[in-house]
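Input: a single structure, listed below in structure tokens.
The values are calculated or read from the model by the stated rules, or taken from the named source; none is laboratory data. What you see is a predicted model; the values in this text were computed from it and never measured. With ideal geometry, Cβ positions are generated from the backbone for all residues, glycine too; neighbour counts draw on all protein chains shown. Quick note on the areas: whole protein, heavy atoms, side chains included, nothing else; ligands and nucleic acids left out. Shrake-Rupley method; radii C 1.70, N 1.55, O 1.52, S 1.80 Å.
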Amino acid sequence: GGIFTACGKVQVTDAVLKKMFKSVREKQVEEIRANCDIRGEEFLIPRDGKKSVQTYLYHPQNGGEKLPVLVNIHGGGWVGNDALVLDTQSGKLADRLGCLVVNLNYVKADEEPFPYCQEEARDVLEYFIDHADELGVDGTRIAVMGYSAGGQISAAAAQMVYDDGYQIS
């Protein structure tokens, strides 16, 4: 396919679209980093044979030991946005709920096709369950939430976690 203009059809290739999406995301992140005090602590989740998953961690200001975990997943049509758009919200959720918020920055669909980002979310959830003691969290109190595309990713990851024999809230 292509895009129709007043002068006729203009061909837009997948490569052009991928470059455009990536450029928009990079500019968005630059703007956020330049204008905001980022509260989240970057934390990479290792994966066997695959690229680590980028997350940001938000500890509650009055946190204790064995915190529950909430994985927060942004929207953006699977190709837009960045986890940093939820930085302020993730910090407020951590403080108000008294939990560790894990803000997931999934790889976008223009870079890795379905179900890559859903598998990343599953791997993040299972990582926090499997490493609960060393991370100081309660592996029996883990939940996931998301917005728009992040909601679909959350639902798919929750089903995958269940299929793998794990339990989440």
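Annotations for the structure displayed:
- Sequence of Arg33, Arg47 from largest to smallest accessible area, 1.4 Å probe: Arg33, Arg47
- The convex hull defined by the C-alpha atoms of the stretch 123-169 has an orientation-averaged projected area of 3.1 nm².
- Each label point was placed 7 Å from the Cα along the Cα-to-Cβ direction; for Phe114 and Lys51 their separation is 2.0 nm.
- Across the cross-link table entries Lys18/Lys92; Lys27/Lys51; Lys19/Lys66; Lys27/Lys92; Lys51/Lys92; Lys22/Lys66, which are compared at the Cα atoms, the separations over 31 Å belong to Lys18/Lys92; Lys19/Lys66; Lys22/Lys66.
- Rounded to the nearest 10 degrees, the inclination of helix 14-35 to the longest alpha-carbon principal axis of the chain is 50 degrees.
- Convex hull (Cα only) mean projected area of the stretch 74-127, reported in nm² to one decimal: 3.9
- The chain - convex hull of the alpha-carbon atoms, volume per residue in Å³: 129
- Computed accessible area, Glu30, all protein chains, 1.4 angstrom probe, square angstrom: 130
- Approximating the spin labels as points 7 Å out from Cα along Cα→Cβ, the Lys66-to-Ser169 distance works out to 1.4 nm.
- Degrees separating the helix 149-163 axis from the principal Cα axis of the chain, which is the longest one: 50
- In this view, the solvent-accessible surface of Ile129, computed with a 1.4 Å probe and all protein chains in place, comes to about 40 Å².
- Only DSSP H runs of four or more residues enter the estimate; each adds -39500 (n - 2.57), and after division by the residues of the chain the mean residue ellipticity at 222 nm equals -12500 deg cm²/dmol.
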